[in-house]
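This report refers to the structure that appears directly beneath it.
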Amino acid sequence: MSKQYNLCKCKAFVFDMDGTLILGNMALPCAKSTLRYLKAQGIKFKIITNNSSIPNNLHSKKLTKILNINITDSEILSSLDHVAKFLISNSLQNGVYPLLTSKSQEYLSNNYGIKFVFSKPNIILVGFDKELTYRKLERACRFVQNGVPWVLVHPDIRCPTAKGFIPDAGSIGKVIELTTGVKPIFTAGKPSKDFLLLVAEEFGINITQICYVGDRLYTDVKMALESKATPILLLSGETRENDLRTLEHATLRKLNVFRDLCELLAAIRGCYRYSHKNTLYFRSTFSNTR
């Protein structure tokens, strides 16, 4: 089954990071050329990531180095920003016990005034803690069993790297949930549609005018579909072609599937080359038989 979609209606492109633009410390094919083309055309874009192991300024530095193109802090939005807004809006910014790296704690403290404690917490914050120790995990579980609520910064089970997948925040959260029998009171980041709505609000456009590009079904695609953005799925990261066969037919029909950014860039270039037309459709080379 071939697929058709309209890219010309999109006033902004939003990209996932890991598995979409980069893989570990390696740039994925056409990542640099895609972002350079959007910059040259004056097309708005934002890179949003669930990766809470480092703050936005380190994400931008990492991308700038890997892609050899200047990525500013303002072009990054992470699950740390989303969870901080949730904590503040619910008056939960004080007395936070962190399962987060020291750099991420510093970012939340300096940029949002989050107050961290290591005893008698009011809430537990569970993220992609690459500095995790058994002691920290044990204390978090005991706090939760004593009635302290917990928040998951993002639900990613595993993070793709050049050497394979590694445990992510969702895996750490599952340990706490299975140990205590208590679910988080809130899960930030993708696939929450509110995460993508933050970008639409910043750009001053309707969410339907955003093309969202990602590689995961349970975070990227789910968020795009639930927010009414245009979902673009790449097969360059976690999702493989066989995974699409597990989707409901109605969901599959809404997906725009590209094998990689090179294929997507060709479509974008064609769209804006003929942007004077009201509508211009592109046919994906991906086909799926059910």
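The values are calculated or read from the model by the stated rules, or taken from the named source; none is laboratory data. All figures in this text were calculated on a predicted structure; none of them were measured in a lab. Cβ atoms come from the backbone with ideal geometry, glycine included; neighbour counts cover every protein chain shown. To get the accessible areas, we keep the full protein, side chains included, count just its heavy atoms, and leave off ligands, DNA and RNA. Shrake-Rupley method; radii C 1.70, N 1.55, O 1.52, S 1.80 Å.
Dividing the mean sequence gap of close Cα pairs (under 8 Å, 6+ apart) by how many residues the stretch 16-129 holds gives a relative contact order of 24 percent.
The HN-Hα couplings worked out from phi for the stretch 257-264 by the Karplus form 6.51 cos²θ - 1.76 cosθ + 1.60 (θ = phi - 60°) are 10, 10, 5, 6, 5, 4, 5, 5 Hz, whole numbers, x standing for Gly and Pro. Under 19 Å from a label point set 7 Å out along the Cα-to-Cβ vector of N111, the amide N atoms of the stretch 132-152 belong to 152.
With a cut-off of 12 Å between beta carbons, the residues surrounding T20 carry a summed charge of -4, where Lys and Arg count +1 and Asp and Glu -1. Which residues in the stretch 132-151 place their backbone N less than 17 Å from a point set 7 Å from the Cα of K120 along the Cα-to-Cβ direction? Answer for the stretch 132-151: 143-144, 146-149. Given contacts defined as C-alpha pairs under 8 Å and at least six residues apart, what's the relative contact order of the chain, whole-number percent? About 24 percent, as a whole number.
Taking a quarter of the surface of the Cα convex hull of the stretch 1-133 gives a mean projected area of 10.9 nm².
First measure r as the distance between the Cβ atoms of T251 and K9, then evaluate 1/(1 + (r/R0)^6) with R0 = 30 Å and state the FRET efficiency to the nearest 0.05. Given R0 = 30 Å and the Cβ-Cβ separation, E is 0.90. Close amide-amide hydrogen proximity is noted between G24 and G19, A162, each under 5 Å apart and 5 or more residues distant or on a separate chain (H modeled in the peptide plane; Pro and chain starts excluded).
Around the amide H of N94, modelled in the peptide plane, lie the amide H atoms of K115, all under 5 Å away and 5 or more residues distant in sequence or on another chain.
Over the chain, dividing the summed -39,500 (n - 2.57) contributions of all DSSP H runs of at least 4 residues by the number of residues returns a 222 nm mean residue ellipticity of -11000 deg cm²/dmol. The ellipsoid equivalent to the alpha-carbon distribution of the stretch 30-100 has semi-axes of 30, 13, 8 angstrom, derived from the gyration tensor eigenvalues as √(5λ) and listed largest first. Average accessible surface for the chain: 45 Å² per residue, computed with a 1.4 Å probe over protein heavy atoms with every protein chain in place. Across the stretch 71-82, coupling constants 3J(HN,Hα) worked out from phi with the 6.51/-1.76/1.60 Karplus curve, θ = phi - 60°, read 10, 8, 4, 5, 8, 10, 9, 10, 4, 5, 5, 5 Hz, and Gly and Pro carry x. Extension gain, I69-K103: 0.36 nm per intervening residue step, less the Cα-Cα distance, totals 9.9 nm. Scalar couplings 3J(HN,Hα) for the stretch 33-39, obtained by applying the Karplus form with A = 6.51, B = -1.76, C = 1.60 to θ = phi - 60°, are 5, 5, 5, 5, 5, 4, 4 Hz; x denotes Gly and Pro. Considering only beta bridges that DSSP places wholly inside the chain, some 25 percent are antiparallel. Here the peptides 214-223, 256-265 are ranked by packing, the mean other Cβ count within 10 Å, and the order with the highest first is 214-223, 256-265.
Proximity of backbone amide H atoms, modeled 1.01 Å from N, is registered between F45 and F13 at under 5 Å, excluding neighbours fewer than 5 places apart on the same chain. Taking 0.36 nm per residue of sequence separation and removing the Cα-Cα distance, the Y37/L178 pair yields an extension gain of 46.2 nm.
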